Amino acid sequence: MKPQSRSGAQRRLPGMLTTLFAIMLVMWGSPGIAAPTDEDCLMCHQVSSLARDVGRSGSLTVDAAKVKASGHGKLTCVECHVGTTTKHPVTLPAVNCTRCHAGAVDSLSVGAHREAAGKGTSVDASCRTCHGGVHSGGAAKGRALCERCHEKAAKQYATSVHGVARAHGDGDASTCKDCHGHAHGVRRTDDPESMTSASRITETCAKCHADRQLMAKRKITIPEAVQLFRQSSHGRSKKEGAARCNDCHESHDLKRANDPTSSIFKTNIPHTCGRCHRKEAAAYARSIHGQALARGVTATPVCTDCHGEHMIRGPGVVNSPVAAVNVSETCSKCHEATGIRETFGLPGGRLSSYRDSFHGLAARGGSPVVANCASCHGYHDVLPSSDPASLVSPKRLGETCGKCHPGAGTKFKISAVHVTMATESQPVPYWTRIVYLFLIAGTIGFMALHQGLDFVRKIGASFQAHLGKAPSHGHAVTRWFERMTVAERIQHAVLAVSFFTLVYTGFALKFPENILFRWWAQMDGGYSVRAWSHRIAAIAMVAVSLFHVFYLFTPRGRKLVADLFPQPKDALDLIQQMLYLLGLRRQPARFDRFGYIEKAEYWALIWGTVVMTLTGIILWFENESLKSLPKWMIDLSTVVHYYEAWLAFLAIVVWHLYMNIVNPDIYPMNWTWLTGRISDAQMRHEHIIEYERILEAEMKAEDAAGVTEGKPARTEGDAPGVHDSGKKS
């Protein structure tokens, strides 16, 4: 039979008797009640079997060595247990930590730790939660102390870039205190005063990541991360919930970008951004880019490839990579990269064809509304044209174009969009371009040869005249002839101003980055000003051309067009003049009122005006054109308008401006376009047949007048004479 077990009170009785005996010895040995020394306290409290009263658990045993090793090791027992005497009750008053740690307690009173300990919990109990019992030597320090309550965060920190660096002896790596502050003052994250609140987390991270010396010392890959973030849409946003550092990089689980488990690892970025941008993330997941990423194609673009990393800006910011004027360049980083195109079989030349199109030229010229890659292909939901849901699929292309060009999707039969004029894939614009290149090369080449020979011949003649070996054309002016009427001069002036305005503003569209034209794009609203300047000049040219048509029905107009009409003699004059310029003929060709030079200019002007007007109307009123014309005609108009402009401009410079400015015979300028007059010397030199015809008519008129008055008729050998006054002699 087993012996009967003893109760708890019976088991504790020997220990209690021992304690009571020790207390009695102390009291009997003291002359009076006094504050005990540490040795006095330890006489009882170093007994290992000392326990609390019945009904209270725990030991009252004190390990003196641990106390001495703790932060309170220099204090005596009664400095904490104030008022304790050698004759004290069983239950002592609670220890008041505020007597020494008033500042810590003040911080703790508003901190998250006091709140976590419970509002009804004493300050002393709150202290022991982290610091442990003083008699046991205190709790662990640093991260080990935080781990007691924040186990998950501590584990994440241990594998983070900061934790790993700290473990390897990097004293600069951040710890709990660096981000959260001292433990006594730690506040909840949703507290605006917290160092980790949304409003202050950037400044907390900036303590290290905006320190240039520290960034250089640690060789941080992106040393300007904080500065860039502050300028970004996220950093400048005042909205509640705007992304901050820890929203993308995580708070405790912060890892390097090359770590597959990192929130900023390339394959994880859509998920990270999708925490806030759910709609965009869902669209991206359905797109060709998102599908490729899901298959493990890491070369596909993710959010940061288009929007940037720290310096994220919205599409409304001019220098943003997703701004309308920059989208094409952003997309081209992949679509024009040789390695990516070859690897994934992407079509080439997309950027060049876009840049050379009206859309691309307008974008380069600063237009804020012109279509870009995203306008047609979409933003996040980009799909290949073979997908029926794609915005650029054959079934939806009309609808897509119709967003900007109403009606284009109904009657407009859309053909290739990315048209490359320099390849035979588009035969109409390609061969038109080839024809124009040959035409420009042949025409301007002949003009340059003709005028070059003329210049050399005239310079040589001038030098011979200077040496006295040849007659000079610089005779004194004795008479002026009317060459252009006021109406003709006005027409010429309006035509000249409108023509050069059209040339300048047109080439400004084609070459927006050139130093002569880039100021348009840099000026606020410059694209619109340039466009309307071009159109107003076009209206002026068309208006003066229509006026000229009506002018041709006047008597002088009819005579003008009759004299400008090509004749067989013009071909003969060209041959004779070329032989003369080449030194194969002694005398130059004899010209009438208009030679082959003026006639070629006039009819080329008529032809060019008609062509430029028709193609210009098609391009100006593109919405109406797209409703009724096939796209190849739009492309053809673009090619013709551009190369016809080059042909006209070069012809004017090489042919017309040479004859009326650079020409040694009339340098520095032929002032006839302003005065309407031409001297008799220039008349004899350039229009000898007309000059002789005028004089012959005057002689006949004089003879007829002389016969009427009874004077003898002029003999055949008599020569007409003129005076400075212009009156006939």
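Shape analysis of the stretch 140-264 places it in the oblate category; the axes a ≥ b ≥ c from the Cα gyration tensor give an a/c of at least 1.5, with a/b not above b/c.
Compared with the direct C-alpha span, the chain from Ile536 to Ala493 gains 13.9 nm at full extension, assuming 0.36 nm per residue. Under 5 Å from the amide H of Ala51 lie the amide H atoms of Leu60, each residue being 5 or more positions distant or on a separate chain, with H modelled from the backbone and absent for Pro and chain starts.
The lysine pair count for the stretch 277-418, using Cα distances under 28 Å and pairs eight or more places apart or on different chains, is 9.
Here Leu439 and Gln291 are evaluated by their C-beta separation; at R0 = 60 Å the FRET efficiency comes out at 0.75.
How much length is gained if the chain between Val456 and Ser425 is pulled fully straight, taking 0.36 nm per residue apart and subtracting their Cα-Cα distance, in nm to one decimal?
Here the answer is 6.6 nm.
How high is the FRET efficiency from Ser251 to Arg212, r the C-beta distance, R0 30 Å, rounded to 0.05? Could you put the intermediate results ahead of the total?
On the way: r = 25 Å, r/R0 = 0.82.
Efficiency for this residue pair is about 0.75.
Want the number for Glu513 to Arg586: 0.36 nm per residue separation, take away the alpha-carbon distance, what's left? Value of the extension gain: 21.3 nm.
If you put +1 on each Lys and Arg Cβ and -1 on each Asp and Glu Cβ, how big is the dipole of the chain around its Cα centre, in Debye rounded to 20?
Numbers: 83 positive and 64 negative charges, 560 e Å.
Result for the chain is approximately 2680 debye, rounded to the nearest 20.
With the cut-off at under 12 Å, measuring from each backbone N in the stretch 58-84 to a point 7 Å along the Cα-to-Cβ line of Ala35 picks out 76-84.
Residues in the stretch 304-319 carry Karplus couplings, in order, of 5, 5, 9, 8, x, 9, 8, 8, 7, 10, x, x, x, 8, 4, 8 Hz; the curve used is 6.51 cos²θ - 1.76 cosθ + 1.60 with θ = phi - 60°, and Gly or Pro positions show x.
Before rounding to the nearest 500, sum -39500 (n - 2.57) across all DSSP H runs of length at least 4 in the chain and divide by the residue total; then give [θ] at 222 nm in deg cm²/dmol. Kindly include the intermediate steps, with their values, before the conclusion.
Details: 38 runs with 397 residues, N = 729.
Value at 222 nm, helices only, nearest 500: -16000 deg cm²/dmol.
With both labels modelled 7 Å from their Cα along Cα-to-Cβ, the Val90 to Val662 distance reads 12.1 nm.
Cross-link check: pairs Lys217/Lys266; Lys239/Lys266; Lys68/Lys207; Lys510/Lys559; Lys177/Lys217 evaluated at a Cα-Cα cut-off of 32 Å; pairs beyond the cut-off: Lys68/Lys207; Lys510/Lys559. From the alpha carbon centroid of the stretch 654-709 to that of the stretch 337-369 is 56 Å. The simple spin-label model puts a point 7 Å past each Cα toward its Cβ; for Asp259 and Arg230 those points are separated by 2.7 nm.
Contact order, relative form, for the chain: 9 percent (alpha carbon pairs under 8 Å, 6 or more residues apart, mean separation divided by residue count).
Computing FRET efficiency as 1/(1 + (r/R0)^6) for Cys149 and Glu193, where r is the C-beta to C-beta distance and R0 is 30 Å, gives about 0.90. Against the chain, whose longest principal axis is taken from its Cα atoms, helix 631-651 shows a tilt of about 60°.
The loop-placed trypsin sites (Lys or Arg not before Pro) in the stretch 267-301, going by DSSP, that have at most 11 neighbouring Cβ atoms within 10 Å of their Cβ come out as Arg295. The ellipsoid that matches the Cα gyration tensor of the chain has semi-axes, each √(5λ) in whole angstrom, of 103, 28, 20, with the longest given first. Exposure proxy for Glu686, Glu193: other Cβ atoms within 10 Å of each Cβ, ordered fewest to most, give Glu193, Glu686. Here the Karplus curve 6.51 cos²θ - 1.76 cosθ + 1.60, taken at θ = phi - 60°, turns the phi angles of the stretch 67-77 into couplings of 5, 4, 7, 7, x, 9, x, 8, 8, 8, 4 Hz, with x standing for Gly and Pro.
Modelled label positions at Leu467 and Ser49, each set 7 Å beyond Cα in the direction of Cβ, lie 14.2 nm from each other.
All of the numbers you see were taken from the coordinates with simple rules; none came from a lab. Just so you know, these numbers come straight off a predicted model, no measurement behind them. Note: ideal-geometry Cβ built from the backbone for every residue, glycine included; neighbour counts use all protein chains shown.
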